[in-house]
Amino acid sequence: MSEATDGAFPDGFTWGVATSSYQIEGAVREDGRGESIWDRFSHTPGRTVNGETGDIACDHYHRYRDDVALMRELNLGAYRFSVSWPRVLPDGRGRVNEAGLDFYDRLVDELLAAGIKPWVTLYCWDLPQALEDQGGWPGRSTVDAFTELVEAVTRRLGDRVRDYITVNEPFIMAYLGYGLGLHAPGRRDMTDALAAGHHALLAHGRALEVVRANVPGARAGITLSLAPTYPLDADREADHEAARRDDVLFNRWFLDPLFGRGYPDDLARITGGTMPQIRDGDLALIAAPGDFLGVNYYTPTYSSADPAISDSLPHPDPGVERTALNWPVEPGALTDLLARIQRDYAPRSILIAENGAAFDGDRVIDGRVADPRRTAYLAGHLRAVHDAIAVGSPVEGYFAWSALDNFEWAEGYGKRFGIVHVDYETQGRTIKDSGRYLARVATSNRLD
Ligand code: FCB
């Protein structure tokens, strides 16, 4: 039987789980770590649900051995984690904190000993506060500072880590962090958001160069949050126009320049900001091909000409299943998204770098967590990936979000995405049924 019909994934397909530093590590004041914008933001009253912070999180900094053992038990071949910039460069640039690098050194060794391939994300949102104080991502000098981080990390880990993700979801970082003020650093200025986005793309381009220079055989790429946009009412021309605008905002803002098309013409009008100064050479640096495109997919967007309706995450099917974050569950949209990426951009390879769901009601009962809805979510989306591969999408791997329940940014700890449950009182871990499901698929390399 062919791969398309028997549920098999291509040979060598990567099966993994993903996390990020601020969401799991805790130990925010240990071993010389500096302050990040997420420390500052989460400690500012009113910014996160219940004022929750990443101070302790999953205490992964101390429990990483146990966490790696769980991944091994689940037979996962890969682990995507991010490096905390202020752990490595407490002031954002200049002095390297060797003790911070030591942590990642130990983690990488532990993973390799367990037969798990480390995938290092170089930036997932925890900018050193010292750099924010000097202008943050809207300032171009942050790109140079990031290059120092990439140098330090690849010099230390490059003998053992070959796979790198440069920047995670620049859209969320720029738009929610600098445009809407919903994420750290909590600024609200669309011109800043556009500048932050541009500098994140430059940071990606520079990181590709540094990684390739320092790591023999390196593979590197960016990960984007992507969502197909559909008209809420397919018979309404104004909703089609709204979907086109949302596509520019959510997808083309970053995809177009990365694939050599420059920024969409109407980006500034759609975001309501002013475009940053684009210097000679910037667009070429941004468009240097990565080895893969990382796709983070959770839910599609249904756009309405009425912004109030669009903001309520509408769906044409009133009965559509929704996650704890009110996100409609629609696996078929992932197949659409992958087909569209291939048609319009044709990356040489694709990694599903994040996919998963928060649902309420996870309970540990007799050492087990029954989470059928999360299992069904994963199964549906893996089927969607399989369908896309069958029609030619070059997907090389799938990382579930997330290895553990964790600090879900402004949402705090209430929204649980883990395939492993975390009891935040005791820090006890319990593999959920969805984790056992993923383990079965990873082991057989085919759909259940
Ligand atoms: C993505 C982030 C990740 C996690 C998931 C749920 O936007 O990359 O850190 O919070 O959403």
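Of all the numbered requirements in (1) within 15 Å of the ligand (Cβ to nearest atom); (2) of a type in the set (D, E, K, R); (3) in contact with a Phe, Trp or Tyr (Cβ under 9 Å, 6 or more places away or on another chain), GLU411 misses one, and that requirement is (3).
The lone criterion from (1) within 16 Å of the ligand (Cβ to nearest atom); (2) surrounded by fewer than 24 Cβ atoms within 10 Å (Cβ to Cβ); (3) closer than 30 Å to PHE292 by Cα left unmet by ARG374 is number (2).
Can you name the residue in region 334-359 that is within 16 Å of the ligand (Cβ to nearest atom) and either assigned to a helix (DSSP H, G or I) or in contact with a Cys (Cβ under 9 Å, 6 or more places away or on another chain) (or both) and, of all such residues, is nearest to PHE254 (Cα to Cα)? It comes out as LEU337.
List every residue pair whose Cβ atoms lie under 7 Å apart, where the two residues are 6 or more positions apart in sequence or sit on different chains, the first residue falls within region 97-122 and is farther than 20 Å from VAL150 by Cβ, and the second residue, located anywhere, is part of a loop (DSSP other than H, G, I, E, B). Pairs that qualify, where the first residue is farther than 20 Å from VAL150 by Cβ and the partner is part of a loop (DSSP other than H, G, I, E, B), are LEU112/ARG160; ILE116/LEU76; ILE116/GLY77.
So which of LEU112, LEU176, LEU101 is closer than 24 Å to LEU255 by Cβ, out of contact with any Gly (no Cβ under 6 Å at 6 or more places or on another chain) and surrounded by fewer than 21 Cβ atoms within 10 Å (Cβ to Cβ)?
Values: LEU112 fails: closer than 24 Å to LEU255 by Cβ; LEU101 fails: closer than 24 Å to LEU255 by Cβ.
From the options LEU112, LEU176, LEU101, the qualifying one is LEU176.
In region 1-52, which residues are assigned to a strand (DSSP E or B) and under 21 Å from the mean Cα position of the chain (by Cα)? Of everything in region 1-52, those that are assigned to a strand (DSSP E or B) and under 21 Å from the mean Cα position of the chain (by Cα) turn out to be THR14, TRP15, GLY16, VAL17, ALA18, SER36. Take PHE399 and tell me if it is more than 27 Å from ASP6 (Cα to Cα) and of a type outside the set (Gly, Ala, Ser). No, not satisfied. If you go through region 298-312 one residue at a time, do you hit one that is within 21 Å of TYR398 (Cβ to Cβ) and more than 16 Å from the ligand (Cβ to nearest atom)? So far as region 298-312 goes, no, none of its residues is within 21 Å of TYR398 (Cβ to Cβ) and more than 16 Å from the ligand (Cβ to nearest atom). On inspection, GLY435 fails the criterion of being small (Gly, Ala, Ser) and in a loop (DSSP other than H, G, I, E, B). A count restricted to region 204-235 and to residues that are within 16 Å of the ligand (Cβ to nearest atom), assigned to a helix (DSSP H, G or I) and more than 18 Å from GLY260 (Cβ to Cβ) stands at 0.
VAL68 fulfils the conditions (1) more than 29 Å from GLY181 (Cα to Cα); (2) surrounded by fewer than 19 Cβ atoms within 10 Å (Cβ to Cβ); (3) not basic (Lys, Arg) except for a single criterion, (2).
Just so you know, all these numbers are worked out from the coordinates, no wet-lab data involved. From a predicted model like this one, the values you see are computed outputs, not experimental measurements. Please note: Cβ atoms are built from the backbone with ideal geometry, for glycine as well, and neighbour counts cover all protein chains shown.
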